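Each remark here refers to the structure printed beneath this line.
The values are calculated or read from the model by the stated rules, or taken from the named source; none is laboratory data. Computed from a predicted structure; not experimentally measured. Cβ placement follows ideal geometry from the backbone for every residue including glycine, while neighbour counts extend to all protein chains displayed.
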Amino acid sequence: MVTLSPTATLRQRAAKLRREGVDVFDFSAGELDLPTPAHIVHAAIDAASEPENHHYGPTGGDDDLRQAIADRLTPPATAPLDGSRVLVTNGAKQALFNTFMTLLQPGDEVLIPAPYWVTFPSSVRLAGGRPVVVQPSTGALKVTSDDVEAARTPSTRALVLCSPNNPTGLVYDRSELGALLAWAAEHGVWIVSDETYVDLGFRPVPAPSRVAPAITDRLVTVGSVSKSFAMTGWRVGWMSGPKHVIDAATAVQSHTTSNVGRIAQAAALAALTGPDVTAGFRATLRERLSLCASVLEPLGLFQTPPDGAFYVFPDIRRFHPDDLAVADRLLSAGVVTVPGTSFGAPGHVRLSFAVEEAQLRHGLQIMADVLGDWDD
């Protein structure tokens with residue numbers, strides 16, 4: 001059964017508290033609090049004045065944007081990737097939906113390492129597949145090739161990877177990723193690589209297409225401008241893969257949403273080809289992460305510092321074994337977190353530090369007070 005996203009539910013509860021006059025510090029949002037850079041907005045304004053952008057466009061996306069995405073994804077020392085191997089989608093969520101609708105037959109299994117983004121299992125179910133959650137065996141919040149091999153069956157069709165990860169912010173290093181890709185190649189398993197946060201890595205983030213170029217025949221890469229360019233509301237994402245997969249996914253999209261809005265596509269093109277803003281975003285996020293560390297470390301809640309993205313994912317079982325109860329008590333105090341159960345990792349909570357500094361500092365202090373006074 002597919003239900004409303006847990007983060008969407010939390011936003012509704014937070015809105016209700018605000019209406020009741022409660023000061024709410026929302027650490028649940030999966031987006032930067034910063035505005036979309038001005039040059040991107042100006043590109044959209046210019047595009048809005050062009051009558052051709054007021055009409056339907058190609059289902060697969062405008063050619064110049066498709067090629068810009070392809071250029072971005074091309075591994076070094078390889079032939080340029082053709083834009084025909086890219087499909088522009090309404091955010092990364094639609095890219096995932098298209099991917100699973102294209103790759104899966106009813107009953108096919110998709111391995112999803114925990115902790116996982118809440119949409120992964122639902123996307124698989126919507127396509128008639130069966131999500132199989134793979135728990136890390138090492139306690140490091142990252143799976144190994146042994147973990148996925150233990151979960152493999154004759155019905156295993158694909159493995160989902162997300163690096164930097166949502167909710168942990170952790171990155172698979174080159175050796176870890178290489179072992180997983182070698183396992184996938186050995187068993188003919190597709191890799192679905194969610195690279196939505198790749199530009200917000202605090203250290204280099206290896207990509208499957210660069211670590212093992214031979215895997216590209218069974219690789220679908222998903223991404224978007226949402227996180228890296230503060231453009232969540234613009235709804236522009238993409239998927240890239242073998243041409244027969246992209247052609248089939250384009251057919252799926254032609255019967256669901258058709259093309260992405262052309263004005264938003266013009267904005268995305270400006271984001272990808274204009275001045276780099278991601279370095280400034282990373283610097284801001286590093287400062288906020290330091291603030292998180294200063295409050296959470298004394299509480300023993302900074303066990304796995306993130307390598308990227310804008311989340312921390314502390315294990316809160318030293319205070320209480322039930323992450324739902326912890327998240328509920330924090331919410332009653334006005335601090336919105338996402339319980340780890342939502343991500344397949346009970347005993348944790350996810351905090352987004354993509355929050356204005358004063359709000360972040362105040363909310364963290366409330367969290368520290370609530371947990372420090374826990375008495376049951």
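For the criterion of being in contact with a Leu (Cβ under 8 Å, 6 or more places away or on another chain), surrounded by fewer than 20 Cβ atoms within 10 Å (Cβ to Cβ) and of a type in the set (Gly, Ala, Ser), residue 95 fails.
Quick check: is even one residue across the stretch 188-200 without any contact (Cβ under 8 Å) to a residue 24 or more places away in the chain and within 22 Å of the chain's Cα centre (by Cα)?
No - not one qualifying residue is present in the stretch 188-200.
Put simply, of 339, 314, 298, 321 the only residue that is under 13 Å from residue 371 (Cα atoms), crowded, with 23+ Cβ neighbours inside 10 Å and not aliphatic (A, V, I, L, M) is 314.
Among the candidates 144, 216, which residue alone is farther than 18 Å from residue 73 by Cβ and polar (S, T, N, Q)? I'd like the intermediate steps shown before the answer.
Numbers: 216 fails: farther than 18 Å from residue 73 by Cβ.
Exactly one of 144, 216 is farther than 18 Å from residue 73 by Cβ and polar (S, T, N, Q), namely 144.
Residue 81 meets each of the listed conditions (1) at pLDDT 95 or above; (2) crowded, with 18+ Cβ neighbours inside 10 Å apart from (1).
Checked against (1) of a type outside the set (Val, Ile, Thr); (2) in contact with a helix residue (DSSP H, G or I) (Cβ under 9 Å, 6 or more places away or on another chain); (3) more than 18 Å from residue 169 (Cβ to Cβ), residue 281 passes all but condition (3). Taken over the stretch 208-225, the criterion of being touching a residue at least 60 places away in the same chain (Cβ under 8 Å) and in contact with a strand residue (DSSP E or B) (Cβ under 7 Å, 6 or more places away or on another chain) is satisfied by 209, 220, 221, 222, 223, 224. In this structure, residue 230 does not satisfy being under 17 Å from the mean Cα position of the chain (by Cα) and at pLDDT below 95. Of the residues making up the stretch 25-35, those that are surrounded by 20 or more Cβ atoms within 10 Å (Cβ to Cβ) and either of a type in the set (Ser, Thr, Tyr) or not in a strand (DSSP E or B) (or both) are 27, 28, 30, 32.
Filtering 268, 283 for residues that are surrounded by fewer than 21 Cβ atoms within 10 Å (Cβ to Cβ), assigned to a helix (DSSP H, G or I), hydrophobic (A, V, I, L, M, F, W, C) and modelled with pLDDT of 95 or more leaves a single hit, 283. Remark: residue 293 falls outside the filter, which requires a residue to be out of contact with any Asp or Glu (no Cβ under 7 Å at 6 or more places or on another chain), closer than 15 Å to residue 24 by Cα and of a type in the set (Gly, Ala, Ser).
The set of residues in the stretch 123-157 being modelled with pLDDT of 95 or more and β-branched (Val, Ile, Thr) consists of 124, 132, 133, 134, 143, 144, 148, 153, 156.
Is it the case that residue 228 is of a type outside the set (A, V, I, L, M, F, W, C), buried (at least 20 other Cβ atoms within 10 Å of the Cβ), without any contact (Cβ under 8 Å) to a residue 60 or more places away in the chain and under 26 Å from residue 313 (Cβ atoms)? When the stated conditions are applied, residue 228 passes them.
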